[in-house]
Amino acid sequence: MTLGVATQRTVVDDLGTSVTLPRHPQRIVSLVPSLSEVLWWWHLADRIVGVTEYCIAPPRAFEAAQRLRGTKNADVSAIIDLEPDLVVANEEENREVDVRRLRDAGIAVYVTKVRTLRDAATSLSRLGEAVGVGGAGEGLAATLRRASDRAGQRGPRLRVVCPIWRDGAGKGEDETWWVIGRDTYAADLLAVAGFDVVPAPAHQETGEEGESRYPRFALRELADAEPEVILLPDEPYAFTRQDAAEFRDWPAAVRHLDGTALVWWGPRTPDAIGDLDRLRRSIARRAERRRRR
């Protein structure tokens, strides 16, 4: 049944695109794992009719939803067949071509874009309003802002390298390590918690936005950056103890990290900020005790 004009409204997504959708969308597809969790947090899981294979948190929250492949290869035809009121996407997680194909089919697609914690708070507030739970959206946004304001105030700041991928294990110093760059949400999260992400190598290619968002380092270049901390997340590359052994003789502290805490913005973000803040202070205290010996 076609909705009447009075039951619809137009909102603006994070990219500035106008999106016309029902005032209270009842059939939602989420193509972003962290946003699926956000929608669950807002008690909207029963409205989600489709998710990606990677939308796994919380467990069993989306058992009634259809699985639509991954974030980079979403099953566009299946999404169209679901006749959703709204598809929620992200400009980095999802492909522009998929968003365009959905919109060409008459599907309302709301795209998020986040580079900083403040962006995340603003995006959550805006998304909450779009899906009809403005109060819940602003409440979660306010929680993120408070957690951000409290963190990183005590102890020294530490230089950090946070790899997300290693390309060519066994090549020794010539192996390529992909790391989190400074123009990313993860880097801003780390900065709020008191870590400073090391800059890209001087020769690193840059895009239109400046320094590469995910620069590539040879192992010797990582050493030259003199990090005080190396954080090894468990996604998208699942770093293990064998990976950590590459840095065994380095003066840097090496710690494993929950990857979702680093890149999923939403209800888990306040805890992630607090955990990273405490981790930094713990590493700094240990380093200070070693210096005093």
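The values are calculated or read from the model by the stated rules, or taken from the named source; none is laboratory data. Please read all numbers here as calculations on a predicted model, not as lab measurements. Because the Cβ atoms are built from the backbone with ideal geometry, glycine has one as well, and the counts that use them run over all protein chains shown.
The one condition from (1) over 20 Å from Tyr214 (Cα atoms); (2) touching a residue at least 12 places away in the same chain (Cβ under 8 Å) that Ile164 does not meet is (1). Taking interchain pairs and intrachain pairs at least six residues apart, which have beta carbon atoms under 9 angstrom, with the first residue in region 251-263 and under 13 Å from Ala238 (Cβ atoms) and in the same structural domain as Trp165 (by TED's automatic domain parsing) and the second of a type in the set (A, V, I, L, M) and part of a loop (DSSP other than H, G, I, E, B)? Sorted first by the residue in region 251-263, then by its partner, the pairs are Gly259/Ala238; Thr260/Ala57. Restricting region 213-233 to residues that are at pLDDT 95 or above and part of a loop (DSSP other than H, G, I, E, B), the residue that is nearest to Glu175 (Cα to Cα) is Pro227. The criterion of being touching a Gly at 6+ places or on another chain (Cβ under 8 Å), in contact (Cβ under 8 Å) with a residue 60 or more places away in the chain and outside the structural domain of Trp264 (by TED's automatic domain parsing) holds for Arg23. Please verify whether region 225-237 includes one or more residues that are in contact with a Gly (Cβ under 9 Å, 6 or more places away or on another chain) and more than 30 Å from Ala142 (Cα to Cα). Yes; the residues of region 225-237 include at least one that is in contact with a Gly (Cβ under 9 Å, 6 or more places away or on another chain) and more than 30 Å from Ala142 (Cα to Cα). Within the bounds of region 153-164, is there any residue that is out of contact with any Pro (no Cβ under 7 Å at 6 or more places or on another chain), within 30 Å of Pro22 (Cα to Cα) and either β-branched (Val, Ile, Thr) or surrounded by fewer than 22 Cβ atoms within 10 Å (Cβ to Cβ) (or both)? Checked region 153-164: no residue is out of contact with any Pro (no Cβ under 7 Å at 6 or more places or on another chain), within 30 Å of Pro22 (Cα to Cα) and either β-branched (Val, Ile, Thr) or surrounded by fewer than 22 Cβ atoms within 10 Å (Cβ to Cβ) (or both).
Considering Thr269, Thr240, the condition of being among the hydroxyl-bearing types (Ser, Thr, Tyr) and closer than 16 Å to Thr143 by Cβ is satisfied by Thr269 alone. Against the list (1) over 20 Å from Pro25 (Cα atoms); (2) part of a loop (DSSP other than H, G, I, E, B); (3) without any contact (Cβ under 8 Å) to a residue 12 or more places away in the chain, the condition Arg115 fails is (3).
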